[in-house]
Every structure is written in structure tokens, then in C-alpha cells.
Amino acid sequence: MGTVFEIAAYDQTSQHALDAIEKAFQEIVRVDDLLSNYKTDSALSYLNSSAHFHAEKVPSDLYRVVEESLRFSRLSGGKFDISVAPLVDLWKAAIAGAGTPSLARQQAARDCVGYEKIELTPPDQITFHSACMQLDLGAIGKGYAVDRAAEVLQSSGIRNALINAGGSTILAIGSPPGQSAWLVHLRDPSRKVDPQVMLKDESVSTSEQTAPSLLGDDSPGHIIDPDTGRPLRTEFAVSVIAQTGTASDALSTASLVLGPEKGKVLLYRMAGVSAIWISPDAQMEVVTGGPQIVFGKGF
Ligand code: AMP
Ligand code: MG
């Protein structure tokens, strides 16, 4: 997943905590082996090479993540869309120095995209109704991996732990000894606000476009607005708190693409969800359907 995962866990003996952490890391590796689009032998890579106009049987984790992704696509009116992969690849190449892709190449990639062209056949089959469809789980896979790791810790008897997927998704189980919850500082591009949240059996994820300072007309970026087929132009960073890592990860990406106005409408429809959009000039929008977001600095 191209991310460093960290796990902190408390238990009666440190050896038991270490054993549980080791099993949780193995679970993250297992999930990454399935969902990675960097690994050519992952279940996702196999699906991307074989499901065009053909029902492909997939492992249950992959089926679940795609099913959840389609739910968030519908909830966000298509702004969250795992089928943006061909556009993501095009604009990631631009980030790497390949230059702005031609309009013809952009259009060819756009023609491949559309979550409505992904068909799920329970219990375990997926069909692409597009000749060039490719899926990219970069916006939800880390959250899903964190959820599976949390399940492994809990079934090992761990009641107090924090799982951190490179800072982009952080899931809290219980609280540190003697405290009511885990204190997590949220991303603040303004450096003036220091938003914080007390997490307990909840997850927070943050999304932000690449190189926010360079948002010119042709600036590349890793987050795509499916409606334009181009990198999203926004200076906001958004953090979303939800009950699971899968939900916070998908909702943070969806909320960034939707923007605060439409994003708030979506998040207020979900139970127990909080969020904050912050710009480099400390413009803020907050949703408090879940835990309170507090501010460490005056502004
Ligand atoms: P995140 O950091 O969770 O917001 O996810 C960003 C990643 O999701 C990108 O690097 C792409 O792989 C993928 N992605 C980009 N745009 C979208 C989109 N509109 N919907 C779903 N996934 C996307
Ligand atoms: Mg995400």
C-alpha cells in the first residue's frame, strides 16, 4: 500500500501485546497482497486483467471492498469512484514529469471510467461492462486494512490500541490506560488551528490534493474529479471521523472531491460522523455528527 503502518497496543504482558501486533501486521500484508495495484500478482491486478465482459470470481475481501466502494459512489453522487484508475495513472505520470496528457489521451481514459459499469454478482463475482475498465482502491484500501488489523487485535484480546496507516487513516480501539480516549491531532495546512479529536473505537482519515501550492490550470494531482476527468483543484485538507476505517477513508476522499458545501450534506446524512475542512489560510468548515473537534490554538 506504499505506507508505513504503526500499531501501539496495551495488554497485561508486553509479550502478548507483541504477539497480537505481529498477527495484525500479517493481516495487513495479507490484505495488501489482495488489494494492491502495484503488485502484479494481487487479486485486484488479476481482476483488472480479466473481468471485462466476464464474471470473475474474487476473494471475499476484494468483493467486500468493491461492494463498499460502490455504496460510497452512490452516496457521493459518483464523486467517489474506484474506476478512475486510468485517469489516476495518467495524472500520476504527469506528477512524475511526463507532462500534461493530451486531450485525446484524457478523453480515452475518461471513456473507461464509471462505477455503474461494475456489476457485482453475489456472493463473489465481479464483471466490468467496459473494455478498458481498471479499479484503483487507493482511496479505501488502507481503511479496510486497518479495520481487518483491528479485528485481529480484538480477537487476540487486545482492548486498547491505536493503528496508524501513515497518518492518513488512524483507528483507535479503547483508550490508553488511565485516559478516556486517544488524542489525535488532525492535519492543519494553516498551522494556525491545531484541530484535535479524542478517538475511542473510531477512525479518522485525511485527504488532501497533491502539492496544494501549485494548483494552476494544468497542475497534476493524485485525486481526480470524476465529473471533469481532471485533478481536483482544492487547497482544503479534510479529515473525517467515522466508526470504521473503511468508512472514514472513503468518506474523506469523497468529502474532498465534493467540497464542504455538498460534503456537509452527505456527512450529516451519516450517523456519528464528524469532519473538518481546513485551507492554508485557515478557512474552516466543520461537521459534528460524531465526536467533538477541538482547537489547540486560537485563531
Ligand atoms: P485518499 O488519500 O484516501 O484520499 O485516496 C487518494 C487515492 O484514491 C488516489 O491516490 C487514487 O489512487 C484514488 N482516487 C483518486 N481520485 C479518486 C476518486 N474520485 N474516487 C476514488 N478514488 C480516487
Ligand atoms: Mg480515502
In the range 1-61, how does Rg compare with the Kirkwood Rh, expressed as the Rg/Rh ratio over alpha carbon atoms? 1.18
³J(HN,Hα), Karplus 6.51/-1.76/1.60, whole Hz, each residue of the range 98-111, x for Gly, Pro: 6, x, 5, x, 5, 4, 5, 5, 4, 5, 4, 5, 4, 5
The range 1-53 and the range 159-221 have their Cα centres apart by a whole-number Å value of 20
Cleavage-rule hits (trypsin sites (Lys or Arg not before Pro)) in the range 237-299: DSSP loop, at most 16 neighbouring Cβ within 10 angstrom: Arg269, Lys297
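Using the Cα gyration tensor of the chain, with a ≥ b ≥ c the square roots of its eigenvalues, what is the shape: rounded (a/c below 1.5), prolate (a/b larger than b/c) or oblate (neither)?
Oblate.
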Residue farthest toward the positive end of the dipole of the range 102-221, with Cβ of Lys/Arg at +1 and Asp/Glu at -1: which of Gly138, Ser207, Ser190? Ser190
Classify the range 39-87: rounded, prolate or oblate, from the alpha-carbon gyration tensor (a ≥ b ≥ c, eigenvalue square roots; a/c under 1.5 rounded; otherwise prolate if a/b is larger than b/c)? prolate
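How many Å² of accessible area per residue for the chain, probe 1.4 Å?
Details: 13310 Å² over 299 residues.
Counting only protein heavy atoms, the per-residue value for the chain is 45 Å².
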With x for Gly and Pro, the residue-by-residue ³J(HN,Hα) of the range 237-246, computed from phi through the Karplus equation 6.51 cos²θ - 1.76 cosθ + 1.60 at θ = phi - 60° and given in whole Hz, is 10, 10, 10, 10, 10, 9, 6, 10, x, 4
Which of the residue pairs Lys57/Lys117; Lys192/Lys262; Lys142/Lys200; Lys39/Lys142; Lys92/Lys142 have a Cα-Cα distance greater than 23 Å in the structure shown? Lys192/Lys262
If you plug each phi of the range 4-20 into the Karplus form 6.51 cos²θ - 1.76 cosθ + 1.60 with θ = phi - 60°, what whole-Hz ³J(HN,Hα) values come out, in order, with x for Gly and Pro? 8, 9, 10, 10, 10, 9, 9, 7, 4, 10, 5, 5, 5, 4, 5, 4, 5
If amide H atoms are built 1.01 Å from N in the plane of the peptide, which residues on other chains or at least 5 residues away come under 5 Å of the amide H of Ser274? Ile241, Gly289, Gly290
Amide H neighbours of Thr244 at under 5 Å, excluding residues fewer than 5 places away on the same chain, with H built from the backbone geometry, are Ser203
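Expressed as a whole percentage, what fraction of the accessible surface of the chain belongs to carbon and sulfur atoms when a 1.4 Å probe is rolled over the protein heavy atoms?
Answer for the chain: carbon and sulfur cover 52 percent of the accessible area.
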With springs only between Cα atoms under 10 Å, which of Ala43, Ala20, Ala282 fluctuates most in a Gaussian network model of the chain? Ala282
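List the trypsin sites (Lys or Arg not before Pro) within the range 60-163 that fall in a DSSP loop (any state other than H, G, I, E or B) and whose Cβ has at most 13 other Cβ atoms within 10 Å.
Taking the range 60-163 and a limit of 13 other Cβ atoms within 10 Å, the loop trypsin sites (Lys or Arg not before Pro) found are Arg159.
The values are calculated or read from the model by the stated rules, or taken from the named source; none is laboratory data. Since the structure is predicted, the reported quantities are computational estimates derived from the model, not experimental observations. Cβ sites come from the backbone with ideal geometry, for glycine too, and all protein chains shown count toward neighbours. What goes into the accessible areas is simple: the full protein's heavy atoms, side chains included, and nothing from ligands, DNA or RNA. Shrake-Rupley method; radii C 1.70, N 1.55, O 1.52, S 1.80 Å.
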